[in-house]
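K.L.:
This is the structure I have questions about; it appears just below.
The values are calculated or read from the model by the stated rules, or taken from the named source; none is laboratory data. Here the structure is a predicted model, which is why all the values come from computation and not from measurement. Every residue, glycine among them, receives a Cβ derived from its backbone with ideal geometry; neighbour counts consider all protein chains shown. Quick note on the areas: whole protein, heavy atoms, side chains included, nothing else; ligands and nucleic acids left out. Shrake-Rupley method; radii C 1.70, N 1.55, O 1.52, S 1.80 Å.
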Amino acid sequence: ARTLFFGYKVHIGVDQTSGLVRSRVLTPAKVYESEVADRLILGDERAVYADKAYEKKARRQALKAQGIKDRIQHRRNKHQKGLPRWQAVRNTLIGRVRSGVERTFSQLKGRYGLGRMRYTGL
């Protein structure tokens, strides 16, 4: 018998002030982060902070339509050598706030030992 290991990803939405997990989605590891991002947004947020993997024109427009501030980092495209200075500065400022999510993942992995765990299905 051959043992197969499958990977999963946990995607979470975290409250900036308290650090509490507000939303979560568990997916197979092959699912790209941006595919589930909209499911993490509950609609009562004042702002959404995310790294450049979540950048999508439609997502930015949807946030604006809901009155939610878009704090998604910018990504350069293949025709740009680098980001304009204002986008680079904005990304740095957003990154400082995003550290709250990273801190939550650090706690889950370090304190609770959830870096590797077994799941029974999704």
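K.L.:
Pull out the extension gain between Gln61 and Arg90, defined as 0.36 nm times the separation in residues minus the alpha carbon to alpha carbon distance; nm, one decimal.
P.N.:
So the extension gain works out to 8.6 nm.
K.L.:
Taking 0.36 nm per intervening residue step and subtracting the Cα-Cα distance, what contour gain separates Arg46 from Asp15 on full extension?
P.N.:
10.1 nm
K.L.:
For His79 and Lys30 in the same chain, what is the full-extension length gain: residue separation times 0.36 nm, less their Cα-Cα distance, in nm?
P.N.:
14.9 nm
K.L.:
Can you pull the percent of the stretch 1-112's accessible area that's carbon plus sulfur, 1.4 Å probe, other chains left in place?
P.N.:
In the stretch 1-112, the share of accessible area belonging to carbon and sulfur is 51 percent.
K.L.:
Something else: Explain nothing, just the number: dipole magnitude of the chain about its Cα centre with +1 on each Lys and Arg Cβ and -1 on each Asp and Glu Cβ, in debye rounded to the nearest 20.
P.N.:
About 460 debye.
K.L.:
Using just the helices of the chain, give the 222 nm mean residue ellipticity in deg cm²/dmol: DSSP H runs with n ≥ 4 each add -39,500 (n - 2.57), and the total is spread over all residues, rounded to 500.
P.N.:
-11500 deg cm²/dmol
K.L.:
Between Ser34, Ser18, Ser99, where does the largest GNM mean-square fluctuation fall for the chain, given springs only between Cα atoms within less than 10 Å?
P.N.:
In the Gaussian network model the winner is Ser18.
K.L.:
Which lysines, on any chain, are close to Lys56 with Cα under 22 Å apart, when same-chain ones fewer than 8 places away are left out?
P.N.:
Leaving aside lysines fewer than 8 places away in the same chain, those within reach of Lys56 are Lys9, Lys30, Lys64, Lys69, Lys78, Lys81.
K.L.:
Loop-only check: which chymotrypsin sites (Phe, Trp or Tyr not before Pro) in the stretch 45-119 are DSSP coil with at most 13 other Cβ within 10 angstrom?
P.N.:
When the chymotrypsin sites (Phe, Trp or Tyr not before Pro) of the stretch 45-119 are filtered for loop state and at most 13 Cβ neighbours within 10 Å, Tyr112, Tyr119 remain.
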